[in-house]
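Heads up: the structure comes next, in structure tokens.
Rule-based calculations on the coordinates, nothing more; no lab input. Treat the numbers as computed from the prediction; the structure is a model and nothing was measured. We place every Cβ from the backbone using ideal geometry, glycine too, and count neighbours over all the protein chains shown.
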Amino acid sequence: MNAGSVVPEAPTAPASRHAEKAAGIPRPHGMQLLALPEALFVLFIAVPLVALVYRAAQSGQLWSSLRQPIIRDALRISLTTSLATVVLVVLLGTPLAYLLARTRFPGQQLVETLIDLPMVLPPVVAGVALLMAFGRRGVFGDALNGAGLNIAFTAKAVVLAQLFVSSPFYIRAVRVGFQSVDPNLEEAASIDGASGLRTFLSVTFPLMLPSFVSGLVLCWARALSEFGATMMFAGNLQGTTQTASLAIMTAIQTNLFTALAIGVILLAVAFAVLLVFRLFTRDPLRI
Amino acid sequence: MYPWRLTPLLLLLVTAFGVACSSNNPKTATPASTISSVASVAAVKTASPVAPATAAALATPARTPLSTPARPASPSPAAAAVSGAIIVFAAASLTDVFNQLGDAFKKAKPGVTIKFNFAGSSALRTQLAQGAPADVFASADQANMDGARQDGSIDGPDQLFVKNKLVVVYPKTSTKVTSIQDLAKPGLNFVLTDPSVPIGNYARQSLAKLAADPAYGAGFDQKVLANLKSNETDVKAVVSKVQLGEADAAIVYATDAASAARDVATIIIPDQFNIIATYPVAVVRNAQYKVAGQAFIGFVRSAAGQDILKQAGFIVDSTTGAASGAVVLYPRPAN
């Protein structure tokens with residue numbers, strides 16, 4: 001959207017766009033040599049996904065599996081906790097992203113690195129870290145107990161684990177979104193008499209909408225797929241803390257079909273996420 | 001960029017789905033389909049007659065240890081020179097002691113290297129069914145061993161090699177639980193494994209036994225299970241939840257309680273309510289090193305091996321060791 005507003009897009013069909021691109025980029029010699037290994041690599045990604053769907057369908061039990069309470073409960077828990085996570089991330093992360101994008105303060109680099117850290121941290125480490133901080137024997141365990149806040153083995157723990165690992169995806173995307181909005185436009189709006197909120201709602205936010213949506217979707221997808229930290233920090237009880245990912249882990253010990261069925265559902269969700277992502281952003285990996 | 005560009009991928013997945021549905025043929029025995037299909041174990045049992053093996057044969061396992069029609073053992077003249085890099089799939093409760101046994105075994109048989117994969121027995125069974133490379137499978141219950149046989153992962157005999165008991169554990173610093181009765185106190189954080197994992201199954205059986213006693217009262221097990229906060233996937237995960245103080249109490253093996261004794265305290269479950277966990281071990285059907293695998297089993301059941309197990313708090317008796325001469329073979333006589 002941003003790029004589109006600066007460089008008007010040629011009103012051509014996708015096919016001719018392709019041709020344009022191919023003509024525009026000089027093609028180094030020997031590209032054909034890469035075709036075979038790269039085709040194999042693409043297959044490497046495609047085959048497991050196809051195999052998952054194939055095996056699930058082959059079982060002939062996919063639809064009956066979907067009606068099992070373990071799957072219904074797992075999807076319910078996954079949906080509610082991940083949505084709660086996204087709401088919290090938007091409420092807490094947006095102001096932070098704005099601050100990081102629009103101001104300079106000492107230690108900013110440090111804060112930015114810190115916020116990005118959970119993205120590259122192994123989720124199990126995140127789980128242990130959360131335990132050490134908020135577990136019953138954690139650094140703040142007594143304080144939380146004193147406040148009557150019981151986190152262990154509750155959905156709150158699931159949300160905390162998801163919040164910890166998925167927030168960087170949102171904050172990062174939205175920060176870049178804020179940075180991409182030309183401050184002159186906001187200034188112009190305020191000179192024209194728009195209030196701060198009005199400027200944000202009618203200038204800043206529409207311009208950064210693609211970043212907002214992509215951040216939201218990535219964050220939600222990460223929360224939905226969270227496994228390691230949840231297992232460590234929240235436990236695994238059907239209908240309380242057992243998310244879809246944990247249910248797969250539990251189910252695969254007894255009934256592979258149940259695990260496959262949940263896998264197919266999550267694959268479908270991931271697919272839908274990518275679809276939304278592409279609808280809203282020109283460059284899918286621009287965050 | 002353009003969402004419809006994803007259409008080929010979608011088509012691919014839908015096609016795979018369609019093809020799979022149409023080829024849903026019961027004859028295509030996939031590893032997957034064997035897991036949930038309740039094939040008759042009894043049929044398999046009667047179909048594998050086992051020639052009686054002597055204790056001596058087991059004590060020196062490299063020399064035709066167990067002759068079954070299904071798995072003709074190759075007579076090896078070089079009995080002493082066992083070699084190979086064996087992979088042992090063992091129940092999580094065996095973690096500490098099998099590492100010790102492995103070290104001792106490597107000393108006894110320098111030609112053999114040994115690697116372990118520890119997890120809940122049910123998870124191991126699934127991994128075997130999916131073709132994970134392994135030479136020996138040691139389960140914490142007969143159910144998962146029989147299940148592995150049903151999956152086709154095991155075809156030779158399995159042998160009992162050790163027993164274990166259950167205890168209640170709680171964090172040493174906690175005062176919430178001081179008796180078995182306290183497990184029913186409302187609001188307690190009680191943790192078990194999933195019922196598919198042996199210890200989770202045994203613990204639920206033990207709770208049912210307790211509930212049958214008037215001292216605990218009918219519904220005792222229900223009250224305790226109402227406190228259940230997590231179904232972990234192996235016993236070590238349960239122990240760590242208690243060690244961390246996240247859980248107020250759990251039921252685990254006596255041996256796990258012993259190895260975590262620094263952080264957890266133990267309440268004995270009286271014998272009449274206890275469940276004796278029996279651990280069978282077998283060579284895996286597709287093992288790469290069957291002779292070395294059998295040698296490891298022989299070592300575990302030897303006097304030296306049994307001694308290490310005993311030191312770790314396991315129960316060894318005339319049925320678990322090879323030295324006693326009592327060899328429990330598959331199929332076992334009904335008891």
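Provide B:Ser240, A:Ser64 in ascending order of the number of other Cβ atoms located within 10 Å of each residue's Cβ, fewest first.
Fewest-to-most Cβ neighbours within 10 Å comes out as A:Ser64, B:Ser240.
Please give the FRET efficiency for A:Ala46 paired with A:Leu279, using the beta carbon to beta carbon distance and R0 = 22 Å, rounded to the nearest 0.05.
The pair A:Ala46/A:Leu279 has a calculated efficiency of 0.50.
Tell me, what ³J(HN,Hα) does each residue in the range B:299-316 have, in order and in whole Hz, if you take phi through Karplus 6.51 cos²θ - 1.76 cosθ + 1.60 with θ = phi - 60° and put x for Gly and Pro?
Along the range B:299-316, the couplings run 5, 4, 8, 6, 4, 4, x, 4, 5, 4, 4, 5, 4, 7, x, 6, 9, 10 Hz.
Using the Karplus equation 6.51 cos²θ - 1.76 cosθ + 1.60 (θ = phi - 60°), what ³J(HN,Hα) coupling, rounded to whole Hz, does each residue of the range A:232-239 give in order, writing x for Gly and Pro?
So the Karplus estimates, Gly and Pro as x, are 5, 9, 10, x, 9, 10, 4, x Hz.
Using θ = phi - 60° and the Karplus form 6.51 cos²θ - 1.76 cosθ + 1.60, what ³J(HN,Hα) does each residue of the range B:185-199 get, whole Hz, x for Gly and Pro?
4, x, x, 6, 8, 10, 10, 9, 9, 4, x, 6, 7, x, 4
Would you mind checking which residues have amide H under 5 Å from B:Ala322's amide H? H placed 1.01 Å from N; only 5 or more apart, or other chain.
B:Ser302
Provide the gained length on full extension for the span A:Val87 to A:Ala155, in nm with one decimal, where the gain is 0.36 nm per separating residue minus the Cα-Cα distance.
Between A:Val87 and A:Ala155, full extension yields an extra 23.0 nm.
When the expected Rg is taken as 2.2 N^0.38 Å, what fraction or multiple of it is the alpha-carbon Rg of the range A:102-156?
Dividing the Cα radius of gyration by 2.2 N^0.38 Å gives 1.47.
Other chains' Cβ within 10 Å of A:232-238 residues: what's the mean?
Averaged over the peptide's residues, the number is 5.
Spin-label point model (7 Å from Cα, Cβ direction): what's the B:Asn99 to B:Ala132 distance in nm?
Taking the simple label geometry, B:Asn99 and B:Ala132 are separated by 1.8 nm.
Quick check: from the Cα gyration tensor, does chain A come out rounded (a/c under 1.5), prolate or oblate?
oblate
Determine, from the Cβ-Cβ distance of B:Gln288 and B:Lys310 and an R0 of 30 Å, the FRET efficiency 1/(1 + (r/R0)^6), rounded to the nearest 0.05.
Computed FRET efficiency for B:Gln288 and B:Lys310 comes out at 0.45.
Could you sort out which of B:Lys109/B:Lys172; B:Lys106/B:Lys172; B:Lys115/B:Lys236; B:Lys107/B:Lys241 sit more than 29 Å apart by Cα distance in this structure?
Table pairs above 29 Å Cα-Cα are B:Lys109/B:Lys172; B:Lys106/B:Lys172; B:Lys107/B:Lys241.
Non-local amide H neighbours of B:Asn117 (under 5 Å, H modeled in plane, Pro and chain starts lacking H): which ones?
HN-HN under 5 Å from B:Asn117: B:Val88, B:Phe89, B:Ala90.
Rounded, prolate or oblate: which one fits the range B:234-290, using the alpha carbon gyration tensor with axes a ≥ b ≥ c (rounded when a/c is under 1.5, else prolate when a/b beats b/c, else oblate)?
Because a/c hits 1.5 or more and a/b fails to exceed b/c, the range B:234-290 counts as oblate.
In terms of modelled amide H atoms, which long-range or inter-chain residues lie less than 5 Å from the amide H of B:Leu160?
B:Val281, B:Val328
Efficiency by 1/(1 + (r/R0)^6): what FRET value for A:Ser180 and B:Ser318, r their Cβ-Cβ distance, R0 = 60 Å, to the nearest 0.05?
The calculated FRET efficiency here is 0.20.
In the range B:255-282, which residues have a backbone nitrogen under 19 Å from the label point lying 7 Å from B:Thr178's Cα in the Cα-to-Cβ direction?
Label zone hits: B:264-270.
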